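Structure, as structure tokens:
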Amino acid sequence: MALLQVKDIKKTFGDNEVLKGVSIEVNKGDVVSVLGPSGSGKTTLLRCINFLEKADGGRFVFDGREYDLSDISKRDIAAIRKKTGFVFQNYNLFANKTVIQNVTLGLTSARKIHSKEADAIAIDVLTKVGMESFKDYYPSQLSGGQQQRVAIARALATKPEILYFDEPTSALDPQLTAEVLEVMRNLASEGMTMIVVTHEMGFARDVSSHVIFMADGNIVEEGPAKEFFTAPKQARTKEFLRLTEN
């Protein structure tokens, strides 16, 4: 049984129909890369399934329970979010808190975990992303890549069943991008379930189990990563891949 299913999700901003009935399925251990040009709806899809945006319609199945995306309770959203993690494009760290405080805040405040246990969890996940020696630094003292690794550690601290990434390397230069992608590759190798909105074709090709290509609010093509990159079926997909190779 799939860990997560989204059925016929729709979202409109004013007169702009951003998602036109998108359906996806993610199994435990999958790494799903979502590709597409700007304005294709890929980030809106991710934000809707993490309830940062309210979808206008669609069904959401997670851990065997089904929900109406247009009419889901705050209690259900909170319960789902306890099992998921979200890594933002711009890190979203608290500037006035140290690295370890950024990681422990959600544990101590939202989950009421004792500070000593939260600190131990934080050290564990910071070690996993190579940032334990920076635990007492503030975000302003870190590079963008280091901040993003802290953001990943913060998401991992809650032991999520699935991690969402929204263009996690788009603000980084190539060297810092490599640092973050290496962390994500390691998570994938450990079996972490991930949905990654990305423009990093190498990651999508080499690490993903499944690729979704979106354009104009629809899924144009999807399939196993190897098949997607070596034998795309749709003309729109072929053109997108040709342009991204240059």
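Some values worked out for this structure:
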{"item": "GLY106 under 30 Å from GLY130 (Cβ atoms), of a type in the set (Gly, Ala, Ser) and touching a Lys or Arg at 6+ places or on another chain (Cβ under 8 Å)", "result": "yes"}
{"item": "Some residue of the stretch 166-174 being more than 21 Å from LYS42 (Cα to Cα) and either touching a residue at least 24 places away in the same chain (Cβ under 8 Å) or not in a helix (DSSP H, G or I) (or both)", "result": "yes"}
{"item": "Some residue of the stretch 187-210 being in contact (Cβ under 8 Å) with a residue 40 or more places away in the chain, in a loop (DSSP other than H, G, I, E, B), touching a Gly at 6+ places or on another chain (Cβ under 7 Å) and closer than 28 Å to THR158 by Cβ", "result": "yes"}
{"item": "Condition met for THR12 (closer than 20 Å to MET194 by Cα and of a type in the set (Ser, Thr, Tyr))", "result": "no"}
{"item": "Unique residue being small (Gly, Ala, Ser), within 14 Å of the chain's Cα centre (by Cα) and buried (at least 16 other Cβ atoms within 10 Å of the Cβ) when the list is ALA225, ALA215, ALA188", "result": "ALA188"}
{"item": "Which listed residue is surrounded by 16 or more Cβ atoms within 10 Å (Cβ to Cβ) and on the phi > 0 side of the Ramachandran plot, from GLY58, GLY64, GLY106", "result": "GLY58"}
{"item": "Residue satisfying condition, being touching a Lys or Arg at 6+ places or on another chain (Cβ under 8 Å) and more than 30 Å from GLU17 (Cβ to Cβ), within set THR158, THR177", "result": "THR158"}
{"item": "Helices (runs of 4 or more DSSP H) within the stretch 68-155 that include 1 or more residues among the small types (Gly, Ala, Ser), touching a helix residue (DSSP H, G or I) at 6+ places or on another chain (Cβ under 8 Å) and modelled with pLDDT of 95 or more", "result": "115-128"}
{"item": "Selection count, the stretch 156-165, where residues are in contact with a strand residue (DSSP E or B) (Cβ under 8 Å, 6 or more places away or on another chain), part of a loop (DSSP other than H, G, I, E, B) and crowded, with 18+ Cβ neighbours inside 10 Å", "result": "2"}
{"item": "So VAL22, is it within 23 Å of ARG205 (Cβ to Cβ) and assigned to a strand (DSSP E or B)", "result": "yes"}
{"item": "Candidates GLN89, GLN101, filtered to the one that is in contact with a strand residue (DSSP E or B) (Cβ under 7 Å, 6 or more places away or on another chain) and either more than 25 Å from VAL196 (Cα to Cα) or surrounded by fewer than 18 Cβ atoms within 10 Å (Cβ to Cβ) (or both)", "result": "GLN89"}
{"item": "Qualifying residues in the stretch 45-55 (those that are out of contact with any helix residue (DSSP H, G or I) (no Cβ under 6 Å at 6 or more places or on another chain) and under 15 Å from SER23 (Cβ atoms)) - the one surrounded by the fewest Cβ atoms within 10 Å (Cβ to Cβ)", "result": "LEU46"}
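The values are calculated or read from the model by the stated rules, or taken from the named source; none is laboratory data. Worth saying up front: this structure is predicted, and the values here are computed from it rather than measured. Glycine also receives a Cβ, built like all others from the backbone with ideal geometry; neighbour counts cover every protein chain displayed.
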